[in-house]
Amino acid sequence: MSAEPSVPSHQKPPGGLANWLGLAAMRLLAHLPLPWIRALGWLLGQVLHTVARRRRTIARTNWSLCFPGQSVAQRDAAIRRHFVYFAQAWLDRSWLWEAAPDVVRRRLLLKGDLGALEGGQPTVMFAPHFVGMDAGWTAITAHLPRRFCGIYAEQLNPDVDRWMARGRQRFGDPHIVAMRQGLKPLVSALRDGLPLYLLPDMDYGTRDSVFVPFFGVSTATLTSLSRFARLSRARVVPVVSRLTPGGYEVVVHPAWEAYPTADVEADTALMNRRLEDFIAGMPEQYYWVHKRFKSRPPGEASLYDGVR
């Protein structure tokens, strides 16, 4: 993908003035001290929690299903904190993609079993949808002397699409594959020795999914982690990102033993169980504003009544 071109001041940007101003603001934020950016994120999170009624309802529904033993007060306090983390992580993209490289590397602590990402063995990184998922990608590409592969969902707005694509390709000359390109180029990249950064823990419908438990709820879950690992004979290495006061802590966990197996459904259920363990360590940082339980088994009613 090409770098984002400059836009003459007299020319209206193709993506619209509002988007152009938003990107300009993100570039300016990149030069502020991190505590200032996080303070702005706290304020934005409070505003979003107040005005984004639909997303707040989705998050509350998800939390109630996953943590039924908590009180309404505990749930609502956790969801408010989640909106703050969500907003802070969004504003952090300013410095992740625009600040000086040494500033970015200093704020990203990469730790754990880094040896699991060395060598030429095919590797799939299981990167769950925590708010720091972009920071995790940036950390491994900025700190490790290896080329990686990532999947990219193209954005509708061309200005935003160029900015995000450029940001995610900033370090390490990664190989980026658009989701519309399908399975083949990803498997080829894995077999060529490029570790794949995969985020398979959302509900994208019933296609290529199985219904397995997630916090005790039958949940449509992509089987891609098991399938990619089997097709490329790859090991699976979890990479989990946590937002911290100083930036992000990105932990590379040891490769899973005896994974994948011949049973894709059992593999996918195991992925969800291990994801639950990761979430238990920082529940408010998981991506609760997505309809995680949107797809239902045949005959089951929607869990999001009244939410459009």
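Summary of values
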| read-out | value |
| --- | --- |
| Check on Ser188, closer than 28 Å to Ala280 by Cα and either in a helix (DSSP H, G or I) or among the small types (Gly, Ala, Ser) (or both) | no |
| Matching residues, the range 48-75, being hydrophobic (A, V, I, L, M, F, W, C) and either surrounded by 12 or more Cβ atoms within 10 Å (Cβ to Cβ) or within 20 Å of the chain's Cα centre (by Cα) (or both) | Leu48, Ala52, Ile58, Ala59, Trp63, Leu65, Cys66, Phe67 |
| Selection within the range 118-128 - within 14 Å of Val252 (Cβ to Cβ) and surrounded by fewer than 21 Cβ atoms within 10 Å (Cβ to Cβ) | Glu118, Gly119 |
| Those residues of the range 90-135 which are more than 15 Å from Pro33 (Cα to Cα) and of a type in the set (Val, Ile, Thr), in sequence order | Thr123, Val124, Val131 |
| Failed item in (1) touching a residue at least 40 places away in the same chain (Cβ under 8 Å); (2) assigned to a helix (DSSP H, G or I); (3) farther than 18 Å from Arg207 by Cα, with Leu303 passing the rest | (2) |
| Residue that is nearest to Lys294 (Cα to Cα), among those in the range 62-80 that are in contact (Cβ under 8 Å) with a residue 60 or more places away in the chain and part of a helix (DSSP H, G or I) | Asn62 |
| Where a residue in the range 135-156 is over 14 Å from Leu110 (Cα atoms) and its partner, wherever it lies, is crowded, with 17+ Cβ neighbours inside 10 Å and polar (S, T, N, Q), with Cβ under 6 Å and at least six apart | Phe148/Thr141 |
| Residue that is closer than 16 Å to Phe86 by Cα, charged (D, E, K, R) and out of contact with any Gly (no Cβ under 7 Å at 6 or more places or on another chain), where the choices are Arg27, Arg60 | Arg60 |
| Ala280 vs. criteria part of a loop (DSSP other than H, G, I, E, B) and without any contact (Cβ under 8 Å) to a residue 40 or more places away in the chain | no |
| Residues being closer than 26 Å to Phe214 by Cα and either surrounded by 14 or more Cβ atoms within 10 Å (Cβ to Cβ) or in contact with a Ser or Thr (Cβ under 7 Å, 6 or more places away or on another chain) (or both) - total across the range 134-157 | 7 |
| Condition met for Val210 (surrounded by fewer than 20 Cβ atoms within 10 Å (Cβ to Cβ) and touching a strand residue (DSSP E or B) at 6+ places or on another chain (Cβ under 7 Å)) | yes |
| The listed residue being surrounded by fewer than 23 Cβ atoms within 10 Å (Cβ to Cβ), closer than 24 Å to Arg27 by Cβ, of a type outside the set (Ser, Thr, Tyr) and under 21 Å from the mean Cα position of the chain (by Cα), out of Val84, Val103, Val131 | Val84 |
| Flag for Ser226 being crowded, with 17+ Cβ neighbours inside 10 Å, of a type in the set (Ser, Thr, Tyr), in contact with an Asp or Glu (Cβ under 9 Å, 6 or more places away or on another chain) and part of a helix (DSSP H, G or I) | yes |
| Qualifying residue in the range 216-223 (condition: touching a Ser or Thr at 6+ places or on another chain (Cβ under 9 Å), at pLDDT below 95 and either within 23 Å of Leu65 (Cα to Cα) or part of a helix (DSSP H, G or I) (or both)) | no |
| Qualifying residue in the range 111-130 (condition: within 18 Å of Trp97 (Cβ to Cβ) and of a type in the set (Val, Ile, Thr)) | no |
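Residues are listed down the side, and each one gets a yes or a no for (1) without any contact (Cβ under 8 Å) to a residue 24 or more places away in the chain; (2) more than 17 Å from Asp134 (Cβ to Cβ); (3) among the hydrophobic types (A, V, I, L, M, F, W, C):
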| residue | (1), (2), (3) |
| --- | --- |
| Leu29 | no, no, yes |
| Pro33 | yes, yes, no |
| Gly41 | no, no, no |
| Arg55 | no, yes, no |
| Ala87 | no, no, yes |
| Arg107 | no, no, no |
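The values are calculated or read from the model by the stated rules, or taken from the named source; none is laboratory data. Given the structure is predicted, the values throughout are model-derived calculations rather than measurements. Glycine gets a Cβ as well: all are built from the backbone with ideal geometry, and neighbour counts include every protein chain shown.
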